[in-house]
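Enquirer: So that we are looking at the same thing, I have put the structure below in C-alpha cells.
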Amino acid sequence: NAIDTANIVGRDLRLGRDRLVPEFFFLDPRAVGLWDNLPISEAESAVWAMDADEAGPYGTNPSSRPPPNEDGTPAETLSDQVPRLRQLLSACESIYSGDTVLLIFPDGTGPALLSCLIGGIPLYRTHELEVKAGEVRINVNYESVRAIMRDKPSEEYRAAIEQGREKLKALRAQKDMVVNVKDQRYEKELREEEARVAEVGRKKAEKEEAERLRREEMSKKVERERKEKKERDDDVDTTPIVTALVGAGALGVGASFIGQDEVKDEVKEVDGVAANGAVNATATSTATTFANSTATVESAKEETTVQSINGVPTSESKDASTDTGVTATTQSAPSSPAGADSFHDDDLIVSTSQDRLERAEKAMQDYMEQDDGGDAWLSMLSDIMVDGADADEDDT
C-alpha cells in the first residue's frame, strides 16, 4: 500500500520520519459505491467505459455515477474527486513551497485525473493517462502532460474500453445480485465459522455420548459386583453353618445309637458307675467337635472294645486277667441338637454360656490377685525416703 511504498522511499533517500507525511483524505481514491471491493478484473474496465462514454469533459454527468450501496459507501463521479485534488495542490503550495514533493497515490485514477487537471485535458479521457502499479512520473507539469497525451487513444486502451462496455452492461443488468469481494469474504468466513461450530458441536455430542456410555457401563459394573458380593456373603454366612450343624448332629446321633446297640447287652455296673454306653448330653449350637467314641468291656477272661469311627462301629477282643469293668470314653464329641445321646464319662465337661462366663470371671480375679511386685516397690521407696530423712538429721 501507499505507506509501505513511502517507507521504502524514505529508507533509500535517507529521509527522516518528519519528512514522511501521511494523508488520509486528499489522496483518497474515487468511491464506486456498489461496485466497491468487486474483483478489479470485473470493475475496472467497466468504470473506464462508463467514464469514457458518459462522464463528459468536466466529469459531471450524473449517469457516470456508480450505483450506490446500502452500507453507506460513497458513489462518486470524476467531478466529485476534483475538489480533493485541488485542496491537495493548495496545501503543497502553502507548506512545501520550493521543495520537491513526491505524491504516492493508492490507485492509478487519482494521479491520472490530476494530470488532466494540470494539462487541461477533458476528464472523459482521464483513463488514457492511467498510472500503472509501481509506475513513477517525475516533473509533472503542463508541458510534460501534453507531451505524453496522444491525439488518439492507443489500441490497448480501445480494447479495454470495448471489454469494459460489455462488463458494464452485465453489472447494470444484475444490479441487485452484485456481490463484492468484501461480501464474498464475509460469506466465506461465515460458512467456515458455521462449519467450525458444527464440528465443535459434533465432537462435543460424541464426547458426551461416550461419557454417558462410560458412566452407564460403570454403573452396571458396580451393580454387578455388588450383587456378586452379596451372593458370596450369603453363601459364606449360611451354607457352612447349616452343613456343620447337620453333619455334626447326624454324626453325634449315629455314633450314639450305634454305640448303644453294640454294647447294651455287655454293660455292667462297676464301682457304682453305670456303663450303659449312652447318656443324655446337651449340646449347644456354638460347640462343634469331632467324634471318636470308644466303649470297653472287660471280663475275667476277655476284654471287648467297641469303637465307632465316623459313625462306623469296630470291635476287638482279647484275654485279660483283670477285674471285670466297663469304661465308656468320649473324646471331642460332635455338636448335636439338644436332647441327642452320645458317649461320655465323668471327665467330660459340657460348656454352657454361664460356665464360660464364670470361668472368665474367675480367670480375671486370679490375675488381679497375683503379686505384680507393686508392694515391694512402694516399700523400697519408703525405705529410701526414711534413710534420706535420717541422713538430713545427721547433717544438721
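The values are calculated or read from the model by the stated rules, or taken from the named source; none is laboratory data. Remember, it's a predicted structure, so these values are computed and weren't measured experimentally. Please note: Cβ atoms are built from the backbone with ideal geometry, for glycine as well, and neighbour counts cover all protein chains shown. Remember, those area values only see protein heavy atoms, side chains included, never the ligands or the DNA or RNA. Shrake-Rupley method; radii C 1.70, N 1.55, O 1.52, S 1.80 Å.
Enquirer: Just one of D71, D99 is over 60 Å from the mean Cα position of the chain (by Cα) and over 25 Å from I161 (Cβ atoms); which is it?
Expert: When all the criteria are applied, what remains is D99.
Enquirer: If I ask for residues that are in a loop (DSSP other than H, G, I, E, B) and open to solvent by 50 Å² or more (accessible area, probe 1.4 Å), which ones from the range 27-48 would you list?
Expert: D28, P29, D36, N37
Enquirer: Go through D71, D99 for me and flag whichever is under 26 Å from A46 (Cα atoms), open to solvent by 40 Å² or more (accessible area, probe 1.4 Å) and not in a helix (DSSP H, G or I).
Expert: So the residue among D71, D99 that is under 26 Å from A46 (Cα atoms), open to solvent by 40 Å² or more (accessible area, probe 1.4 Å) and not in a helix (DSSP H, G or I) is D71.
Enquirer: Condition first: over 59 Å from the mean Cα position of the chain (by Cα), of a type in the set (S, T, N, Q) and either assigned to a helix (DSSP H, G or I) or modelled with pLDDT under 90 (or both). Can you find one or more residues in the range 178-190 that meet it?
Expert: Checked the range 178-190: no residue is over 59 Å from the mean Cα position of the chain (by Cα), of a type in the set (S, T, N, Q) and either assigned to a helix (DSSP H, G or I) or modelled with pLDDT under 90 (or both).
Enquirer: Can I ask one more? Give the residues of the range 119-147 that are small (G, A, S) and either open to solvent by 30 Å² or more (accessible area, probe 1.4 Å) or modelled with pLDDT of 95 or more (or both), sorted by residue number.
Expert: G120, A133, G134, S144, A147
Enquirer: Consider only pairs whose beta carbons are under 8 Å apart and that are at least six residues apart or on different chains; among these, list those whose first residue lies in the range 2-17 and is surrounded by 13 or more Cβ atoms within 10 Å (Cβ to Cβ) and whose second residue is among the charged types (D, E, K, R) and outside any loop (DSSP other than H, G, I, E, B).
Expert: G10/R17; G10/R19
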